[in-house]
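Take a look at the structure below.
The values are calculated or read from the model by the stated rules, or taken from the named source; none is laboratory data. Given the structure is predicted, the values throughout are model-derived calculations rather than measurements. Backbone-built Cβ (ideal geometry, glycine too); neighbour counts: all protein chains shown. These accessible areas exclude ligands, DNA and RNA; they are computed on the full protein's heavy atoms, side chains included. Shrake-Rupley method; radii C 1.70, N 1.55, O 1.52, S 1.80 Å.
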Amino acid sequence: MTDSLQPVLNHLASRQPQIEAWLKTFLRIPSVSADPAYASSMDEARRFLCERLRAEGLQQVQLLDGGGEPAVYGEWMGAPGRPTLLIYGHYDVQPADPIELWHTPPFEPTQDGDRLYARGTSDVKGSTTIALEVVFAYLATLRACPVNIKVFIEGEEETGSPTLRPLIQRYQDLLAADAVLSADGGRASATTPTINTGARGNAALEVKLRTASKDLHSGRYGGGVRNALHEMATLLASLHAEDGSVAVPGFHNGAEIPTPRQRQDTAAFPYDEAAFFTDVAGTSHGEPGYSPRERITLRPALDVNGMWGGYTGVGVKTIIPCEAQAKLTVRIVEGQDPEQVIQSVLTHLQSRCPAGCTLDVVASNSGSPAATLAPDHPLVTAAETVLQAPGGPKPIHVRLGASVPITSVFKDMLGIDTLMFGFNLPDEDVHAPNEFFRLSSITQGLRAWTQMLDALGHCEPTAFHPR
């Protein structure tokens, strides 16, 4: 770390009480994007952010509208010849339901020791605050940032970013940058430094199977006609072999085999396999030849998320259901096309649908492809320098088993890569009651983001665009 950063770090340390106070005000705004009842709070969150960006000296502060919830934008472009970073965060949060399971009011931040409880603390107002405060601190102390900054704070992340693509299409020139540094996507461990170098992609399918024109009396028809739930259960069971591997022809097409480096990094990550299963009272099952952690981060997966039909009310209703529905999702890896993968699942189901039955698509979502950062990408090498403590272990490269669509959207539409550099941790009850964020993560995050912007400022812009 250079001495030139000390004024920035001192400024941030002296202001941490004010930073925490600003975050608490941010958290009191119930910016729930999924529920139209919170529309006025979404407006309030946007005004709140715009006022702060303007007050701290960012230019071009405005709302970017793609037809849904607008994103908040602001920029500082005073570093000619240096890289331009798009800093990503989101101001929307999940609904707080079920309210009765919260120990404290979800939109009244409550501190308990090192923990700050409120909806949106961990996902992702805490880390978004860290990113913004570092930019503000540079401008307040050095009157400049090491890189050009474009702040992009989305308002639809929690609803799947439905208008992100049209928004980027509309503002493509404004959003042009060399790379994305995301406040979303947190740390994999509180004790071991990790760098997120990718995430699985996804796609979804919902189907409906019919065996008759109406539900039938089981006394008159039982044993003589097909039962929609029986047929659906048989169809879904055919998706996997007994050993847990996916049995769909073409499902693995294009899937890149994990590299030795990826498997070594996965093995090096501190992971209590027994606790992973006992914590949820589950048992290991899945593709042979891979460890559980490899299966959930490096390999594709196919899951049935729901199946329903017939009578599910109180008591008995002796019918043979004429209709059954099911929802399925896939997680895919580098090299796979999400649309092709979900089509292979549908083709498999259709090929096994019995004569006299019909299988219709209710909904299909081609989702997004997997995202990967090369081990020698400038974002990765900068993060390695920043996160490695003196005399400490080198950061481990990890991949997310979940999907982060923004990474593939930015790559596809803007041609730029994303590093997820959030500071939340896996145990912070994201999307659940009693979500929290550690205040110590603010201290750590402020320092790391300060050093990260400085490290990236020493890169040539061309380094982010290899030929």
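Brief remarks on what is shown
Residues are listed down the side, and each one gets a yes or a no for (1) open to solvent by less than 30 Å² (accessible area, probe 1.4 Å); (2) without any contact (Cβ under 8 Å) to a residue 24 or more places away in the chain; (3) of a type in the set (Gly, Ala, Ser); (4) assigned to a loop (DSSP other than H, G, I, E, B):
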residue: Ala326; (1), (2), (3), (4): yes, no, yes, no
residue: Val330; (1), (2), (3), (4): yes, no, no, no
residue: Val341; (1), (2), (3), (4): yes, no, no, no
residue: Gln350; (1), (2), (3), (4): no, yes, no, no
residue: Val361; (1), (2), (3), (4): no, no, no, no
residue: Gly367; (1), (2), (3), (4): no, no, yes, no
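- Any hit, region 235-247, residues being among the aliphatic types (A, V, I, L, M) and either under 19 Å from Tyr88 (Cβ atoms) or part of a strand (DSSP E or B) (or both): yes
- Top-ranked residue of region 34-70 - restricted to ones that are of a type in the set (A, V, I, L, M, F, W, C) and in a loop (DSSP other than H, G, I, E, B), ranked as surrounded by the fewest Cβ atoms within 10 Å (Cβ to Cβ): Ala34
- Under the condition of being within 34 Å of the chain's Cα centre (by Cα) and either polar (S, T, N, Q) or farther than 27 Å from Gly244 by Cα (or both), the residues counted in region 288-322 number 4.
- When every residue of region 273-286 is checked against the conditions, none turns out to be open to solvent by less than 50 Å² (accessible area, probe 1.4 Å), part of a loop (DSSP other than H, G, I, E, B), without any contact (Cβ under 8 Å) to a residue 24 or more places away in the chain and closer than 30 Å to Cys322 by Cα.
- Tally of residues being assigned to a loop (DSSP other than H, G, I, E, B) and buried (at least 24 other Cβ atoms within 10 Å of the Cβ) across region 84-104: 2
- Test: Pro166 is surrounded by fewer than 22 Cβ atoms within 10 Å (Cβ to Cβ), outside any loop (DSSP other than H, G, I, E, B) and assigned by the TED database to the domain that holds Ala448: yes
- When each of Ala241, Ala268, Ala233 is tested for being in contact (Cβ under 8 Å) with a residue 40 or more places away in the chain, within 30 Å of Ser408 (Cβ to Cβ) and aliphatic (A, V, I, L, M), the lone residue that passes is Ala268.
- Here region 249-272 is the region considered, the condition is being farther than 30 Å from Gln350 by Cα and part of a loop (DSSP other than H, G, I, E, B), and the residue that is most open to solvent (accessible area, probe 1.4 Å) is Asp272.
- Pairs, first more than 20 Å from Arg119 (Cβ to Cβ) in region 431-450, second among the acidic types (Asp, Glu) and open to solvent by less than 10 Å² (accessible area, probe 1.4 Å), C-beta under 7 Å, six or more apart: Leu446/Glu133
- If you go through region 430-467 and keep only what is within 18 Å of the chain's Cα centre (by Cα) and under 14 Å from Gly126 (Cα atoms), you end up with Val430, Glu435, Phe436, Phe437.
- One residue stands out among those in region 23-33 that are polar (S, T, N, Q) and within 22 Å of the chain's Cα centre (by Cα): the one that is least open to solvent (accessible area, probe 1.4 Å), which is Ser31.
- Here is the figure for region 107-144: residues that are assigned to a loop (DSSP other than H, G, I, E, B) and buried (at least 24 other Cβ atoms within 10 Å of the Cβ) total 4.
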